[in-house]
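The structure under discussion appears below in the form of structure tokens.
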Amino acid sequence: MKACLMKTCFRKQNLLFLTGILAAAGFFFGTSSLFAQNGRLNEVKPAIADKDLVIQIAEITGNAVFYPVDIEGTRLEVLAVKAPDGTIRTAFNTCQVCYASGRGFYKQQGTVLVCQNCGNRFRMSHVEVRSGGCNPIPIFPSYKTVTDTTITISQDFLKEAKGIFARWRRN
């Protein structure tokens, strides 16, 4: 009887050990594929100053890319992302409601943008489509020039947006 109990305990220990190994392997491979998939999460491009913002379409994927622009001493930021339907979407990286808090900017978490002030979450498919409320402030087609390879947002249009970034404090 003791031998049976010992065999049962041994089997349970082996089973627990094996389960632990498999769980660790699953975590490792699961997170490594997550990192591979989201390798460019929250990528911020080098800042430009007092000129048109030119975005290369080839560098835009399903992960948002952030473009800082200094306009007459005010830092603005534009985000660009490829929506699930394949269209390239652009918006100012500030929340339409929370911008005055200084923390109303977005960071990507997984497949959504999250406002760093209110915590609201937005799908990439909503960028440049929805306006009002806590959505990123869209940059509609009439405010940019799109070619086969680039999206250009004029310095004049960026100057008009300076007010919504006056208290902005992206960390």
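The values are calculated or read from the model by the stated rules, or taken from the named source; none is laboratory data. Keep in mind that this is a model prediction, so the values were computed, not measured. FYI the Cβ positions are ideal-geometry reconstructions off the backbone, even for glycines, and counts take in every protein chain you see.
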Residue set F122, F66, F105; condition hydrophobic (A, V, I, L, M, F, W, C) and within 17 Å of A166 (Cα to Cα); output residue F105
Scanning the stretch 124-161 residue by residue, those at pLDDT 90 or above, basic (K, R) and under 22 Å from the mean Cα position of the chain (by Cα) turn out to be K144
Counted residues in the stretch 85-103 being touching a residue at least 40 places away in the same chain (Cβ under 8 Å) and over 18 Å from E59 (Cβ atoms) come to 10
Subset tally (residues that are in a helix (DSSP H, G or I) and surrounded by fewer than 14 Cβ atoms within 10 Å (Cβ to Cβ)) for the stretch 43-72: 2
Restricting the stretch 73-86 to residues that are in contact with a helix residue (DSSP H, G or I) (Cβ under 6 Å, 6 or more places away or on another chain) and assigned to a strand (DSSP E or B), which is surrounded by the fewest Cβ atoms within 10 Å (Cβ to Cβ)? T74
Does R89 meet the test of being on the phi < 0 side of the Ramachandran plot and outside any loop (DSSP other than H, G, I, E, B)? yes
Considering each residue of the stretch 144-165, count those that are charged (D, E, K, R) and either in contact (Cβ under 8 Å) with a residue 60 or more places away in the chain or at positive phi (or both), and give that number. 3
The stretch 98-122, residues that are at pLDDT 90 or above and within 17 Å of T87 (Cβ to Cβ): L113
Say whether the condition of being more than 16 Å from I153 (Cα to Cα), touching a residue at least 40 places away in the same chain (Cβ under 8 Å) and not basic (K, R) is met by at least one residue in the stretch 41-53. yes
Can you name the residue in the stretch 94-112 that is under 15 Å from the mean Cα position of the chain (by Cα) and over 16 Å from R123 (Cβ atoms) and, of all such residues, is surrounded by the most Cβ atoms within 10 Å (Cβ to Cβ)? T94
